[in-house]
């Protein structure tokens with residue numbers, strides 16, 4: 001469902017599911033929470049493979065962001081599909097998340113603007 005790897009000071013989490021919906025949203029949330037138990041300061045969530053999120057999955061993303069911010073971490077989303085980006089804009093969640101077009105752009109942003 002997710003694959004995580006430390007790249008320097010940045011935790012990169014790749015979502016490996018194409019569809020994240022109410023059937024797997026709870027497990028998705030638990031797996032994301034598991035990845036931040038050590039409180040990494042910089043996290044990139046790579047959504048290359050995820051083309052569909054329903055409201056439960058969006059709720060899991062918002063909860064994940066809150067968890068990270070609670071300990072002073074920073075989350076960047078990258079590689080969103082057009083439909084996922086449109087959904088975030090429609091729900092105004094694009095104002096809540098830092099969103100970058102590629103993993104390289106997200107890493108560069110983290111390195112230049114966030115201390116780790």
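Neighbour counts of other Cβ atoms within 10 Å put 77, 65 in the fewest-to-most order 65, 77. Label sites at residue 93 and residue 113, each approximated as a point 7 angstrom past Cα along Cα to Cβ, lie 2.0 nm apart.
Share of pairwise Cα-Cα distances greater than 25 Å in the chain is 12 percent (whole percent).
The long axis of helix 25-35 is offset from the longest Cα principal axis of the chain by roughly 10 degrees. Taking the DSSP bridge list for the chain and keeping only pairs wholly inside it, about 30 percent are antiparallel. Extending 7 Å from Cα along the Cβ direction at residue 34 and again at residue 7 yields two label points whose distance is 2.2 nm. Relative to the longest principal Cα axis of the chain, at what angle does helix 103-113 sit, 0 to 90 degrees, rounded to 10? Value to nearest ten degrees: 50. Between the helical axis of 55-70 and the longest alpha-carbon principal axis of the chain there is an angle of about 20 degrees.
Estimated from helical segments only, the mean residue ellipticity of the chain at 222 nm is -12500 deg cm²/dmol, where each DSSP H run of four or more residues counts as -39500 (n - 2.57). Counted residue by residue at 0.36 nm each, then reduced by the alpha carbon distance between them, the extension gain from residue 69 to residue 18 reaches 15.7 nm. The Cα atoms of the stretch 1-55 define a convex hull whose projected area, averaged across directions, is 3.7 nm². Modelled label positions at residue 105 and residue 52, each set 7 Å beyond Cα in the direction of Cβ, lie 2.6 nm from each other.
Relative contact order, whole percent, for the stretch 2-110 stands at 27, derived from Cα pairs under 8 Å and 6 or more residues apart.
Quick note: the coordinates plus some simple rules give every number you see, no bench work behind them. Given the structure is predicted, the values throughout are model-derived calculations rather than measurements. Note that we place each Cβ from the backbone using ideal geometry, even for glycine, and neighbour counts take in every protein chain shown.
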